[in-house]
Amino acid sequence: MKNIAIAMLLLLLLSVFLEPVVELMYLGKEKVVLGSALSNAARSARDRSLNYEFHRNLDAVVDEEKFVEYFAKAFSDALKLTWTNEGLSSRELTFESTNDKYNEFTVTVEFTEEKNEITELITTKVELKAQSEYKFQTKYLRLAEDAGQDVAYQLESQREFTLSVKN
C-alpha cells in the first residue's frame, strides 16, 4: 500500500514538472508558426505591391496601401484570423481569431524609403512586428491564468525586409 501511495505521489509531481516543459514545446511551435506566417505574408505582399513604373530606373517604390492590404489578407489566411480594422488607413493592424485558438494579434507595419547616394537607387525597408498575448494550452497554466496569477506571456515576432529591384 505504501508503494502505491509513493507511486501516485511521484506521478502527480512528475505531471506538475512536465506540464511547463510541454507548454514550452507548444510555445516554440507557435513562435515558428507566427514567424513563418509573418515572413510568407510579407513576401506575398512585396511581390504584389511594388510600383512597376519605377522598375525602369531600378527603384523599389512600394504602394503602401496595397502592401498593407495584401499583407493583412495573407497573414489572416495563414493563421485563420479575421482582420478587424479593415479599410482603415492605419499602420497598426488588429486580427481576431476565428476558432478561439489565439488572442487578439496586433501587427505594426513601418515603411522607410531610402535613396542610395552612390547609385541613386531607391530602396524601401518594411519593418513588421506582430504581438499577442499567448493563450496557454496546458491545463495547469490555464488554471493559473484563470486564478489571476501573473503568468501572461507575450508572443512576439519581428521581421525586416529590404525591397530593391536588381537588373
What is the magnitude of the charge dipole of the chain about its Cα centre, with +1 placed on the Cβ of each Lys and Arg, -1 on the Cβ of each Asp and Glu, and no other charges, expressed in debye to the nearest 20? 820 debye
Between residue 161 and residue 2, what FRET efficiency follows from the Cβ-Cβ distance if R0 is 45 Å, with the result rounded to 0.05? 0.10
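Could you calculate the FRET efficiency of residue 51 with residue 131 from 1/(1 + (r/R0)^6), where r is the beta carbon distance between them and R0 is 35 Å, rounded to 0.05? Don't skip to the end; give the middle numbers.
Numbers: r = 30 Å, r/R0 = 0.85.
The formula returns an efficiency of 0.75 here.
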Compute the relative contact order of the chain as a whole-number percentage, counting only Cα pairs closer than 8 Å that sit 6 or more residues apart in sequence. 21 percent
In nanometres, the difference between 0.36 nm per residue of separation and the alpha-carbon distance of residue 26 and residue 104 is 26.3 nm
Applying a 10 Å radius around every beta-carbon, put 112-124, 7-19, 64-76, 94-106 in order of their mean neighbour count, most first. 64-76, 94-106, 112-124, 7-19
Using the alpha-carbon centroid of each, what span in Å lies between the stretch 85-127 and the stretch 1-70? 17 Å
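In the neighborhood of residue 16, defined by Cβ-to-Cβ distances under 13 Å, what is the net charge if each Lys or Arg adds +1 and each Asp or Glu adds -1? All intermediate terms of the calculation are to be shown ahead of the outcome.
Details: positive: 139; negative: 19, 23.
Surrounding charge for residue 16 is -1.
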In deg cm²/dmol, rounded to 500, what helix-only [θ] at 222 nm does the chain give when every DSSP H run of at least 4 residues adds -39500 (n - 2.57) and the total is split over its residues? -15000 deg cm²/dmol
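Only the coordinates and a few stated rules stand behind these numbers; no lab work does. Note that the coordinates shown come from a computational prediction; the quantities given were computed from them, not determined experimentally. We place every Cβ from the backbone using ideal geometry, glycine too, and count neighbours over all the protein chains shown.
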